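Trainee: Please read through the structure below; I'll follow up with questions.
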Amino acid sequence: MDLNWADIERIIDNSLREDAPGGDVTTNCLFAPEETATGIFRLKSPGVIAGLAVAERVFRKLDPLSRFSAQAEDGAHLPGNTILAEAQCKVRALLTGERVALNLIQRMSGIATLTAQYVDAVRGLPVKILDTRKTAPGLRVLDKYAVRVGGATNHRQTLSDLALIKDNHIRLAGGVWAAVKRLRTQAPAGTRIEVECANLNQVREAIDAGADIIMLDNMMPSLMREAVRAINGRAQVEASGNIGLDTVRAVAETGVDFISIGRLTHSAPALDISMKVA
């Protein structure tokens, strides 16, 4: 899975600047520039790994001669107490980069782990799990990569990728029909239009207006089934809104094409990973 390394380099630069704007005073005073050491990354609780190459870049940024030996691959489902990697580099680079590397890989692995649980929950059904734009500011490229590692699909990366008419757009534009028709005349040719619908009247209005995707927002599964029947294949259907692991399969069984889940990126607990000097 490809990563945008230019964006990731900026994330690493910003993270190191945030954590050590004037250098690591403790490490720099205790250890000489030429001293080296090895750090062992260990997974302490079971989960899905994501971000090993990002952790490697952190140490490479601080010590271009560093060596990072991964013992696993992104996407691997691993038990607790598993060694993930060894980083061999200058002591100053190892200890200064430790927290940044761990923060990134723990977050990414937590997202991948939670995503995999949702994907497993709907296995065998013709539905895709999607993420949302509810990502950590500045970390979207990593959050969305972790979702892909977990087996789900990215929704739009940015506001530029898809026209998604939400409740506030509908209110300000004068209704679903007016919003869709205005977008058809104003948006670039080929732009797909999705409409967030809270009830069946809005669903019917969105279909009649020619929407490409209908989002069923915070509907009960029984109402979703009714909406899917009303749409009858004239648009793709996405379910969204407070869908948990305990309800996602019931939602998938309504016949929707996609289920978008904000908590994949805004509420995933970080995976427990440590780094200890060998």
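Trainee: Just to check your reading of the model, which residue among Arg92, Arg107, Arg99, Arg123 is basic (Lys, Arg) and within 13 Å of the chain's Cα centre (by Cα)?
Mentor: Residue meeting the stated conditions: Arg107.
Trainee: Tell me which of these Thr153 doesn't satisfy, since it passes every other one: (1) in contact (Cβ under 8 Å) with a residue 24 or more places away in the chain; (2) under 19 Å from Asp7 (Cα atoms).
Mentor: Status for Thr153: all satisfied but (2).
Trainee: Scan (1) more than 21 Å from the chain's Cα centre (by Cα); (2) under 30 Å from Met108 (Cβ atoms); (3) not basic (Lys, Arg) for the single condition Pro188 breaks and write down its number.
Mentor: (2)
Trainee: Residue check: is Gly175 within 29 Å of the chain's Cα centre (by Cα), small (Gly, Ala, Ser) and over 19 Å from Leu130 (Cα atoms)?
Mentor: no
Trainee: Now a separate question. Can you name every residue in the stretch 207-237 that is surrounded by fewer than 19 Cβ atoms within 10 Å (Cβ to Cβ) and not in a loop (DSSP other than H, G, I, E, B)?
Mentor: Answer for the stretch 207-237, where residues must be surrounded by fewer than 19 Cβ atoms within 10 Å (Cβ to Cβ) and not in a loop (DSSP other than H, G, I, E, B): Asp208, Pro221, Ser222, Leu223, Arg225, Glu226, Arg229, Ala230, Gln236.
Trainee: Right, here's the next one. List every residue pair whose Cβ atoms lie under 6 Å apart, where the two residues are 6 or more positions apart in sequence or sit on different chains, the first residue falls within the stretch 120-141 and is under 21 Å from Gly51 (Cα atoms) and at pLDDT 95 or above, and the second residue, located anywhere, is assigned to a loop (DSSP other than H, G, I, E, B) and open to solvent by less than 30 Å² (accessible area, probe 1.4 Å).
Mentor: Short answer, once both residue conditions are applied: Ile129/Ala152; Thr132/Gly262; Lys134/Gly262.
Trainee: Looking at the stretch 132-149, can you tell me whether even one residue there is farther than 30 Å from Asp19 by Cα and touching an Asp or Glu at 6+ places or on another chain (Cβ under 9 Å)?
Mentor: No.
Trainee: Next question. Can you tell which of Ala179, Ala146 is outside any loop (DSSP other than H, G, I, E, B), closer than 28 Å to Arg123 by Cβ and either β-branched (Val, Ile, Thr) or open to solvent by less than 70 Å² (accessible area, probe 1.4 Å) (or both)?
Mentor: Ala146 is the lone residue from the list that is outside any loop (DSSP other than H, G, I, E, B), closer than 28 Å to Arg123 by Cβ and either β-branched (Val, Ile, Thr) or open to solvent by less than 70 Å² (accessible area, probe 1.4 Å) (or both).
Trainee: Restricted to the stretch 248-265, and to residues that are hydroxyl-bearing (Ser, Thr, Tyr) and within 20 Å of the chain's Cα centre (by Cα), which residue is surrounded by the fewest Cβ atoms within 10 Å (Cβ to Cβ)?
Mentor: That would be Ser260.
Trainee: Also, I was wondering about something else. Just one of Met215, Met224, Met219 is free of Cβ contacts under 8 Å to residues at least 40 places away in the same chain, under 24 Å from the mean Cα position of the chain (by Cα) and within 23 Å of Val176 (Cα to Cα); which is it?
Mentor: Result: Met219 is the single residue among Met215, Met224, Met219 that is free of Cβ contacts under 8 Å to residues at least 40 places away in the same chain, under 24 Å from the mean Cα position of the chain (by Cα) and within 23 Å of Val176 (Cα to Cα).
Trainee: What are the residues in the stretch 149-168 that are open to solvent by 40 Å² or more (accessible area, probe 1.4 Å) and at negative phi, if any?
Mentor: Matches in the stretch 149-168: Thr153, Gln157, Thr158, Leu159, Ser160, Asp161, Lys166, Asp167, Asn168.
Trainee: Where in the stretch 1-99 are the strands (runs of 3 or more DSSP E), entirely inside, with at least 2 residues that are free of Cβ contacts under 8 Å to residues at least 40 places away in the same chain and more than 27 Å from Gln117 (Cβ to Cβ)?
Mentor: By residue number, 67-70.
Trainee: Across the stretch 189-199, which residue is surrounded by the most Cβ atoms within 10 Å (Cβ to Cβ) among those that are out of contact with any helix residue (DSSP H, G or I) (no Cβ under 6 Å at 6 or more places or on another chain) and under 15 Å from Glu226 (Cβ atoms)?
Mentor: By that ranking, first place goes to Ala198.
Trainee: Residues being touching a residue at least 24 places away in the same chain (Cβ under 8 Å) and either among the polar types (S, T, N, Q) or within 28 Å of His77 (Cβ to Cβ) (or both): count how many of those fall in the stretch 158-176.
Mentor: Number of matching residues: 1.
Trainee: Then there's this: Somewhere in the stretch 14-36, is a residue of a type in the set (Phe, Trp, Tyr) and more than 12 Å from Val91 (Cα to Cα)?
Mentor: Within the stretch 14-36, none of the residues are of a type in the set (Phe, Trp, Tyr) and more than 12 Å from Val91 (Cα to Cα).
Trainee: Looking only at the stretch 253-278, filter to residues that are among the small types (Gly, Ala, Ser) and touching a strand residue (DSSP E or B) at 6+ places or on another chain (Cβ under 6 Å); which one of those is nearest to Gln88 (Cα to Cα)?
Mentor: The selected residue is Ala278.
The values are calculated or read from the model by the stated rules, or taken from the named source; none is laboratory data. Computed from a predicted structure; not experimentally measured. Note that we place each Cβ from the backbone using ideal geometry, even for glycine, and neighbour counts take in every protein chain shown. With ligands, DNA and RNA removed, areas are computed over all heavy atoms of the protein, side chains included. Shrake-Rupley method; radii C 1.70, N 1.55, O 1.52, S 1.80 Å.
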